[in-house]
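These notes are about the structure you will find just below.
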Amino acid sequence: MADVTEHELIVVGGGPGGYAAAFLAADKGMTATLVDEADRLGGTCLRIGCIPSKALLHTAKLITDARDSARFGVQFGEPKIDVAGVRKHWLKVVETLSGGLATLAKKRNVKVIKARARFADGQTLELSDGSRHRFKHCILATGSVPARPGPLKLESPRVMTSTEALQLEGVPGSLVVVGGGYIGLELGYVYAALGCPVTVVEMTPGLLPGVDRDLVKPLHDRLNGLFKRISLNTQVTKLEEDRKGIRVHLEGAEVEEASPVFDRVLVAVGRRPNSQGLGLENTRVQIDGKGFVQVNEQRRTAEEKIFAIGDVAGEPMLAHKATYEGKVAVEAILGEPAVMDNRAVPAVVFTDPEIAWAGLTETEAKKAGREVEVTRYPWAASGRAESLGRTEGLTKLIVEPETEQVLGVGIVGVDAGEMIGEAMLAIEMGASARDLSLTMHAHPTLSETILGAAEVLHGTATDLYRPKKKR
Ligand SMILES: Cc1cc2nc3c(=O)[nH]c(=O)nc-3n(C[C@H](O)[C@H](O)[C@H](O)COP(=O)(O)OP(=O)(O)OC[C@H]3O[C@@H](n4cnc5c(N)ncnc54)[C@H](O)[C@@H]3O)c2cc1C
């Protein structure tokens, strides 16, 4: 049997949860080792998720903005798309950032091992290189993988998950995106901008299930112009290889053609936690019915020495939530009084327009029967939005009726993702709508719509006549 190496902290998984945890541990004086089976650091987010998709979305927005430019008095010809060049841009971005992470790990003396890890017991990891490692503490940050439910399981180079879709092998003759969630819409937007006819099939009655409908509508309207078709209330029951592509069998009240053929299929129906094959059965770590590792408010599992963070430890599966949890876990290991006491987790859909929200949504408040006041500021009243020709946006606040404390913020419009930072600060600091309306915002900016929404609550919005509602 191989010798056992002793460690103070081993982090399994080098994504935004894992590397943030290892780096903080090192900054605080611990000796940290990071194990990842991938060639480079960064995890799903950097290698095959957030960053490549945003690099592609930037290219896509350049194309759609250029197509839209005639109304601003500037005309460009039809874009000549060099797919290899588009791919090269995102690969370069990933290379730069992952190189940066490797340098940061080195500077902090975080040892990085490229191997697959598996628990032999509650204090020992076996790596695929045959080495054995005993730890005082371990943070599990193995992330998630794309879900492929039964009817969508066809093995074919024409059937892609987000991982293959990001590789951008070419512009398909046609693409069906199965799933109207954020990953499907972002990648669908990219392919449509590149000139591919895109169809989106969504099982529920609306795109982006769970998101407030008034935020989704402006995006849905714009995507209607960009996509060939959006089929709601429609289920894919089977995928079949066909001479000309993939035959997609559809079921649902709105189905016009029961089994159309597409050149390519993108399956984007969610992700599942990566908790299998880790030897967790050799530990006391508990897993729930969906495969998420069970953790407490410090992200400690039922096995005292093992913590779990990020996608593998529960929803929402977002990079910044993984990073935050990684920091809490490290502080907990060091005996600091850290817990997950954040009031909100921001979420952004990086389409055009973007949708961003933080804290309580109107949908959640309704579902919980919670009384809230909702105040809306349409971007038609924003000078900045008007000058950009993008007045379809909306900013809304969800406030506690008595204290006017801001409980949630929802925004749809260009750059909504950049604006949600202010909303997060307001929620975390327990700010009231009055605090927001008393905070001077630069003019003309889209962020003024946050101030405006707060003023609407009091019937005093300068650029909008909305007399105060009588309670
Ligand atoms: C297309 C796409 C777009 C996305 N866009 C966004 C976005 O815009 N914003 C956002 O917040 N989130 C986005 N996400 C989600 C985001 O990528 C994840 O929430 C985030 O990466 C989770 O971080 P993590 O640290 O938990 O795990 P991951 O980033 O998944 O990293 C896990 C790492 O663990 C390694 N690993 C797994 N098992 C083992 C093992 N047994 N041994 C060794 N190593 C192992 C893997 O190689 C991987 O590197 C996107 C995801 C996708 C797919």
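The values are calculated or read from the model by the stated rules, or taken from the named source; none is laboratory data. No experiment lies behind these values; they were computed from the predicted model shown. Cβ atoms come from the backbone with ideal geometry, glycine included; neighbour counts cover every protein chain shown. Just so you know, the surface numbers come from the protein's heavy atoms only, side chains and all, with ligands and any DNA or RNA stripped out. Shrake-Rupley method; radii C 1.70, N 1.55, O 1.52, S 1.80 Å.
Excluding residues fewer than 8 places away in the same chain, name every one of the lysines whose C-alpha is closer than 20 Å to that of Lys92.
List returned: Lys54, Lys61.
Which loop GluC sites (Glu not before Pro) in segment 329-403, with loop taken from DSSP, have no more than 15 other Cβ atoms within 10 angstrom of their Cβ?
Taking segment 329-403 and a limit of 15 other Cβ atoms within 10 Å, the loop GluC sites (Glu not before Pro) found are Glu371, Glu402.
Taking segment 129-231, which trypsin sites (Lys or Arg not before Pro) meet the DSSP loop condition and have no more than 14 other C-beta atoms within 10 Å?
Answer by residue number: Lys153, Lys228.
Please list, in chain and number order, the residues 5+ apart from Ile139 or on another chain whose amide H is under 5 Å from its amide H, with Hs placed from the backbone.
Ile10, Val11, Val12, Phe307
Among the lysines, select those whose C-alpha is under 20 Å from the C-alpha of Lys468, and discard any that sit fewer than 8 residues away in the same chain.
Hits, sequence-local ones excluded: Lys396.
State in Å² the accessible area per residue of segment 1-130; use a 1.4 Å probe, count heavy atoms of protein chains only, and round to the nearest integer.
Normalised by residue count, the accessible surface of segment 1-130 is 52 Å².
Can you give me the long-range amide H partners of Ile287? Hydrogens built in the peptide plane at 1.01 Å from N, cutoff under 5 Å, separation of 5 or more residues or another chain.
Close amide H contacts, sequence-distant or interchain: Gln294.
Please get the size of the charge dipole for segment 347-458, origin at its Cα centre, with Cβ charges of +1 on Lys and Arg and -1 on Asp and Glu, quoted in debye to the nearest 20.
Result for segment 347-458 is approximately 180 debye, rounded to the nearest 20.
In whole percent, what relative contact order does segment 180-334 give with Cα contacts below 8 Å and a gap of six or more residues?
14
Work out, step by step, the length gained on full extension between Glu371 and Asp341: first 0.36 nm times the residue separation, then minus their alpha carbon distance; give nm to one decimal.
Using 0.36 nm per residue and subtracting the Cα-Cα distance, I get 8.5 nm.
Taking the Cα centre of the chain as origin, work out the dipole magnitude from +1 charges on Lys and Arg Cβ and -1 charges on Asp and Glu Cβ, in debye rounded to 20.
Value, rounded to 20: 500 debye.
Quick one: with all protein chains in place, what share of the accessible area of segment 304-452 is carbon or sulfur, to the nearest percent (1.4 Å probe)?
Exposed carbon and sulfur together represent 53 percent of the surface.
Which chymotrypsin sites (Phe, Trp or Tyr not before Pro) does segment 15-124 hold that lie in a coil by DSSP with at most 15 other beta carbons within 10 Å?
Those that pass, being in a loop and sparsely packed, are Phe76.
Once you order the gyration tensor axes a ≥ b ≥ c over the Cα atoms, which shape class does segment 261-310 get: rounded for a/c under 1.5, otherwise prolate or oblate by comparing a/b with b/c? Write out the running numbers ahead of the final one.
Working: a/c = 3.94, a/b = 2.62, b/c = 1.50.
Here segment 261-310 falls in the prolate category.
With both partners inside the chain, how many of the DSSP beta bridges are antiparallel, as a percent to the nearest 5?
Roughly 55 percent of the DSSP beta bridges within the chain come out antiparallel.
Could you tell me the relative contact order of segment 150-269? Use alpha-carbon pairs under 8 Å, at least six residues apart, and round to a whole percent.
Dividing the mean separation by the residue count of segment 150-269 yields 36 percent.
Can you work out D for segment 347-458 in µm² s⁻¹ from Stokes-Einstein, where Rh is the Kirkwood radius over C-alpha pairs, the temperature is 37 °C and the viscosity is 0.692 mPa s?
D, rounded to a whole number, is 240 µm²/s.
For the chain, just the Cα atoms, rotate onto the principal axes and tell me the three extents in Å, largest first.
74, 63, 42
Which one, Ala258, Val293, Leu436, projects farthest toward the positive side of the charge dipole computed for the chain from Cβ point charges (K/R +1, D/E -1)?
Ranked along the dipole, the leading option is Ala258.
Let me know the shape class of segment 253-355, please: from the alpha-carbon gyration tensor, a ≥ b ≥ c as square roots of the eigenvalues, rounded when a/c is under 1.5, otherwise prolate if a/b is greater than b/c, or oblate.
oblate
How do Met317, Met440 stack up against each other in accessible area, from largest to smallest, with a 1.4 angstrom probe?
Working: Met317 30, Met440 185 Å².
Largest accessible area first, the residues go Met440, Met317.
In whole percent, what relative contact order does segment 347-458 give with Cα contacts below 8 Å and a gap of six or more residues?
Result for segment 347-458 is 30 percent.
Please report, as a whole percent, how much of the solvent-accessible surface of segment 150-269 comes from carbon and sulfur atoms (probe radius 1.4 Å).
Carbon-and-sulfur percentage of accessible area, whole number: 50.
What is the magnitude of the charge dipole of segment 150-269 about its Cα centre, with +1 placed on the Cβ of each Lys and Arg, -1 on the Cβ of each Asp and Glu, and no other charges, expressed in debye to the nearest 20? Show your work: numbers first, answer last.
Working: 12 positive and 16 negative charges, 29 e Å.
Here segment 150-269 has a charge dipole of around 140 debye.
Quick one: Cα centre-to-centre distance for segment 161-197 and segment 201-270, in angstrom?
When both Cα centres are located, 12 Å separates them.
Under a 5 Å amide H to amide H cut-off, with H placed in plane at 1.01 Å, what residues pair with Gly393 once short-range neighbours are removed?
Those qualifying (amide H under 5 Å, at least 5 residues apart or on another chain) are Trp379.
Counting only heavy atoms of protein chains, what accessible area per residue, in Å², does segment 347-458 have with a probe of 1.4 Å?
41
Find how many whole Å separate the alpha carbon centroid of segment 318-395 from the alpha carbon centroid of segment 123-155.
The distance from the Cα centre of segment 123-155 to that of segment 318-395 comes to 30 Å.
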